[in-house]
Amino acid sequence: PFHQSTYRFNFHLRRAGSSRVVTNFGNDLRDSECYTLLLSQIAPGACNRDPLRETDLHRRAELMLQGAGRIGCRKFVDPDDVVAGNPKLNLAFTAYLFTQHPGLQDIDAQEA
């Protein structure tokens, strides 16, 4: 699941126009930027990039998780877990996001 999750995460980051790359589920996710971009890609009607305006990392994580809650995916992590970079809980959260909202529709032949 780790490699598949990083591949899918990075696929969505590229589609969001980000140069960020997730190589681990600890430090790479601590600032909630990648999560915010991911959620805006897999659930654009319910999630946006507004949390990125917040500079406090705990508050940003909470705003990002509120978005996850709007799509029924606020599971496994709380803001402290995200900011601490808990890799096991972040991987579980990411895997759950992808099972509920794969976000792989509407890709063109080049992306496939």
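Filtering region 47-58 down to residues that are more than 13 Å from the chain's Cα centre (by Cα) and touching a residue at least 24 places away in the same chain (Cβ under 8 Å), which residue is least open to solvent (accessible area, probe 1.4 Å)?
The qualifying residue least open to solvent (accessible area, probe 1.4 Å) is 57.
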Residue pairs within 6 Å by beta carbon, gap of at least six or interchain, first lying in region 5-18 and modelled with pLDDT of 95 or more and surrounded by fewer than 18 Cβ atoms within 10 Å (Cβ to Cβ), second outside any helix (DSSP H, G or I) and not charged (D, E, K, R), listed first then second, are 10/21; 10/22
Residues of region 1-56 being under 18 Å from residue 90 (Cβ atoms) and acidic (Asp, Glu), in sequence order, are 28, 31, 33
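If you go through region 1-23, how many residues are in a helix (DSSP H, G or I) and hydroxyl-bearing (Ser, Thr, Tyr)? Walk me through how you get there before you give the answer.
Here is the first cut: in region 1-23, the residues in a helix (DSSP H, G or I) are 2-15.
The next check asks that each one be hydroxyl-bearing (Ser, Thr, Tyr); those that pass are 5-7.
Number satisfying all stated conditions: 3.
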When only residues in region 62-112 that are surrounded by fewer than 19 Cβ atoms within 10 Å (Cβ to Cβ) and of a type in the set (Ser, Thr, Tyr) count, which is modelled with the highest pLDDT? 96
Among the residues of region 27-46, are any more than 25 Å from residue 3 (Cβ to Cβ), touching a Leu at 6+ places or on another chain (Cβ under 7 Å) and without any contact (Cβ under 8 Å) to a residue 12 or more places away in the chain? no
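The values are calculated or read from the model by the stated rules, or taken from the named source; none is laboratory data. Keep in mind that this is a model prediction, so the values were computed, not measured. Note that we place each Cβ from the backbone using ideal geometry, even for glycine, and neighbour counts take in every protein chain shown. Calculation scope for accessible area: heavy atoms of the full protein, side chains included, ligands and nucleic acids excluded. Shrake-Rupley method; radii C 1.70, N 1.55, O 1.52, S 1.80 Å.
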